[in-house]
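Notes to accompany the following structure.
No value in this document is a laboratory result; all are computed from the given coordinates. Since the structure is predicted, the reported quantities are computational estimates derived from the model, not experimental observations. Counting neighbours? That spans all protein chains shown, and the Cβs are built from the backbone with ideal geometry, glycine included.
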Amino acid sequence: MKIPSVSFFILWAVILLTVSPALLRAEGPQQEDERVRRIIEKVVKAYGGREALDKVKSIYAKGRIAAFAFGEEGTYVRYFERGGRLRVDIDYPNSSEHRILNGSKGYEGGSEVTGDRYLAMVYQYKQLDLPYGLLHSDYRITYDGKKQVDGKETEVLGLMDKEGPPMKIYIDAQSFYIVKVSGYFSMGGGSMELSAVFSEFRKVSGTYLPYRITNFAGGERIAETHIQEYKVNTPMAESLFEPQ
C-alpha cells in the first residue's frame with residue numbers, strides 16, 4: 001500500500017483549516033436561530049401564552065417615581081397603546097415631564113422633538129411592548145450569551161430593526177421574565193446605554209406585568225418607579241396622544 005507523502009498531509013491540513021470552519025459557520029446560524037426560538041417560546045409561556053399577549057391592546061399604569069438625580073419624588077402616569085402610542089406624565093413638587101409618542105411623531109412639553117429625543121421615546125415604547133414585540137415586530141434577533149443581572153443568570157438576546165436603537169434584553173433563566181432591557185444610542189462621537197430593570201411581576205388580566213422599574217443611564221441608577229395600579233384594555237381617547 002502506498003503511504004501518502006508529507007505534502008499530502010500538509011495539503012489536507014490546509015483544507016481542514018480553510019473549509020471546515022466555513023462549514024461550521026454555516027451550521028452556526030441555524031443552531032442560533034433554534035436557540036432563540038426556544039427562548040422566545042419560554043418567554044411567551046411565562047407571560048401567559050400567545051393568546052393572552054395578543055389580547056392586550058392598551059395598558060394604563062399609575063404609581064410613584066423617585067428621581068435620584070435631583071432627589072425628588074412624584075406621581076407617574078403612563079398610557080400605552082399598541083401601534084406606537086405612548087404618553088408618560090410625571091409630576092414632581094418642583095417640576096414636571098410630559099412625553100408623547102404618536103407613531104412617527106414625538107412631543108415633549110407640547111413641542112415636537114426629533115433625533116435622539118424622539119428615538120428615546122421609540123425605545124421606551126418598544127421596551128414596554130415586550131414580549132409582544134418578539135412575536136409581531138420585524139426584529140433581527142441574535143443570541144448574545146449569558147449574563148448576571150442582580151445575581152441571577154439571564155439569557156441575552158440582541159434586537160435590531162430599521163427604527164430605533166439596537167437593544168439587548170435579559171431573560172431570567174428560571175422564570176423567563178424579561179428582567180432588563182438596554183438601548184444603545186450614539187451621542188457626540190460616543191455611545192450611551194439606557195437601561196430599565198424590571199421586578200415584582202404580578203398577574204394582571206391574564207398576563208404578567210412588573211410593579212417595580214428601575215432606570216439607568218450609562219450604568220448609573222437615575223430613577224425608580226413603583227406601579228400602584230394597572231388597567232388593561234381601558235379605552236384611550238385620541239386626544240391623549242396629541243400635544244396639548
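Could you please give the count of residues in region 198-244 that are in a loop (DSSP other than H, G, I, E, B) and exposed (fewer than 13 other Cβ atoms within 10 Å of the Cβ)? Write out each step before concluding.
First, pick out the residues of region 198-244 that are in a loop (DSSP other than H, G, I, E, B): 205-206, 218-219, 233-237, 242-244.
From what is left, the residues that are exposed (fewer than 13 other Cβ atoms within 10 Å of the Cβ) are 218-219, 234-235, 237, 244.
Number of matching residues: 6.
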Restricting to region 175-212, name every residue that is touching a Leu at 6+ places or on another chain (Cβ under 8 Å), over 21 Å from ALA67 (Cβ atoms) and β-branched (Val, Ile, Thr).
ILE178, THR207
Any idea which of (1) loosely packed, with under 13 Cβ neighbours inside 10 Å; (2) more than 21 Å from ILE178 (Cα to Cα) is the one ILE90 doesn't satisfy?
(1)
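In this structure, does GLN174 turn out to be out of contact with any strand residue (DSSP E or B) (no Cβ under 6 Å at 6 or more places or on another chain) and either part of a strand (DSSP E or B) or without any contact (Cβ under 8 Å) to a residue 24 or more places away in the chain (or both)? Walk me through how you get there before you give the answer.
Details: out of contact with any strand residue (DSSP E or B) (no Cβ under 6 Å at 6 or more places or on another chain): yes; either part of a strand (DSSP E or B) or without any contact (Cβ under 8 Å) to a residue 24 or more places away in the chain (or both): yes.
Spelling it out, GLN174 is indeed out of contact with any strand residue (DSSP E or B) (no Cβ under 6 Å at 6 or more places or on another chain) and either part of a strand (DSSP E or B) or without any contact (Cβ under 8 Å) to a residue 24 or more places away in the chain (or both).
Which residue is surrounded by the fewest Cβ atoms within 10 Å (Cβ to Cβ), if the candidates are limited to region 126-157 and must be among the aromatic types (Phe, Trp, Tyr) and either in contact with a Lys or Arg (Cβ under 8 Å, 6 or more places away or on another chain) or over 15 Å from GLY183 (Cα atoms) (or both)?
Applying the first criterion (among the aromatic types (Phe, Trp, Tyr)) to region 126-157 yields 132, 139, 143.
Keeping just the survivors that are either in contact with a Lys or Arg (Cβ under 8 Å, 6 or more places away or on another chain) or over 15 Å from GLY183 (Cα atoms) (or both) gives 132, 143.
Working: TYR132: 18, TYR143: 16.
Across region 126-157, the extreme among qualifying residues is TYR143.
Could you pull out the residue among TYR170, TYR143, TYR177, TYR139 that is under 10 Å from the mean Cα position of the chain (by Cα), of a type outside the set (A, V, I, L, M) and closer than 20 Å to GLU41 by Cβ?
Values: TYR143 fails: under 10 Å from the mean Cα position of the chain (by Cα); TYR177 fails: under 10 Å from the mean Cα position of the chain (by Cα); TYR139 fails: under 10 Å from the mean Cα position of the chain (by Cα).
The match here is TYR170.
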